[in-house]
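*Asks:* Take a look at the following structure, please.
Read-outs: derived from the displayed coordinates by stated rules, not from any lab. Computed from a predicted structure; not experimentally measured. All Cβ positions, glycine included, derive from the backbone under ideal geometry; neighbour counts span all protein chains shown.
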Amino acid sequence: MLEIHQRNDINGYSGYLNEFGLSANESKIIEAFDNNKVIGFAIFMYHDDNVKIFYVDYNDDKYLCDGLIRTILFKASLLGIDKAEFLMSDIKLIEDLGFVQKGHNGLVSIQSIMNGCKSCKNS
């Protein structure tokens, strides 16, 4: 069963943080688990008015990528943040998943994406 949790001790990810020039104090990491094994993770950072997503390791499973991103967006929305910026190299997948319009890397309204999930269930 898939579970996604925030990782509090991010020392094991220092190489990734260094690659993106991120500080351990501000960076956040979530991990996806299946049968107690980490199968993916994401690195992000909250700002006053947006959440920046730097990296998602999803092992070529686009649905895992979608779940990790939706988890980040949900956590940000709980903090009153309604914008997101995707700084990932695979922006094409982010476009294909419907998080951003083609040629853009920003999401203007997290709520519009989260409300879209309700529509999917009803279609």
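*Asks:* Amide H of E85 versus every other amide H placed in the peptide plane: which residues, excluding those fewer than 5 positions away on the same chain, fall under 5 Å?
*Replies:* Under 5 Å from the amide H of E85: V51, K52, I53, L107.
*Asks:* Moving to a separate point now. Name the residue farthest towards the positive end of the dipole of the chain from the options F54, A24, S77, assuming +1 on Cβ of Lys and Arg, -1 on Cβ of Asp and Glu, about the Cα centre.
*Replies:* Looking along the dipole axis, the top candidate is S77.
*Asks:* Restricting to lysines 8 or more places apart or on different chains, can you count the pairs in the chain with Cα atoms under 22 Å from each other?
*Replies:* Number of lysine pairs found: 24.
*Asks:* Amide H neighbours of I39 under 5 Å, at least 5 residues apart or on other chains, H built in the peptide plane: list them.
*Replies:* A32, F33, D34
*Asks:* Spelling out what I want: for every residue of region 103-112, take phi, set θ = phi - 60°, compute 6.51 cos²θ - 1.76 cosθ + 1.60 (Karplus), and round to whole Hz; glycine and proline get x.
*Replies:* x, 10, 10, x, 10, 6, 9, 4, 4, 5
*Asks:* If you don't mind, another one. R0 = 41 Å: FRET efficiency of S23 with N59, Cβ-based, nearest 0.05?
*Replies:* On the way: r = 27 Å, r/R0 = 0.65.
The value I calculate is 0.95.
*Asks:* Right, another one. Using r as the Cβ-Cβ distance of K37 and L87, and R0 as 30 Å, what FRET efficiency do you calculate, to the nearest 0.05? Before the final figure, lay out the partial values.
*Replies:* Working: r = 27 Å, r/R0 = 0.91.
The pair K37/L87 has a calculated efficiency of 0.65.
*Asks:* Run the simple label-point estimate for L79 and V108 please: 7 Å along Cα→C-beta, distance reported in nm.
*Replies:* Between L79 and V108, the label points sit 2.3 nm apart.
*Asks:* Treating the beta-carbon of each Lys and Arg as +1 and of each Asp and Glu as -1, no other charges, what is the dipole magnitude of region 1-114 about its Cα centre, to the nearest 20 debye?
*Replies:* Numbers: 10 positive and 17 negative charges, 28 e Å.
For region 1-114, the charge dipole is close to 140 debye.
*Asks:* How much length, in nm to one decimal, is gained on full extension between D48 and S14, taken as 0.36 nm per residue of separation minus their Cα-Cα distance? Display every interim value, and only then the final one.
*Replies:* Values: separation 34, 0.36 × 34 = 12.24 nm, distance 2.39 nm.
Once the chain is fully extended between D48 and S14, it gains 9.9 nm.
*Asks:* What number, rounded to the nearest 500 deg cm²/dmol, is the helix-based mean residue ellipticity at 222 nm of the chain, given -39500 (n - 2.57) per DSSP H run of at least four residues and division by all its residues? Spell out each step's value before the answer.
*Replies:* On the way: 4 runs with 43 residues, N = 123.
Only helices count here, giving -10500 deg cm²/dmol.
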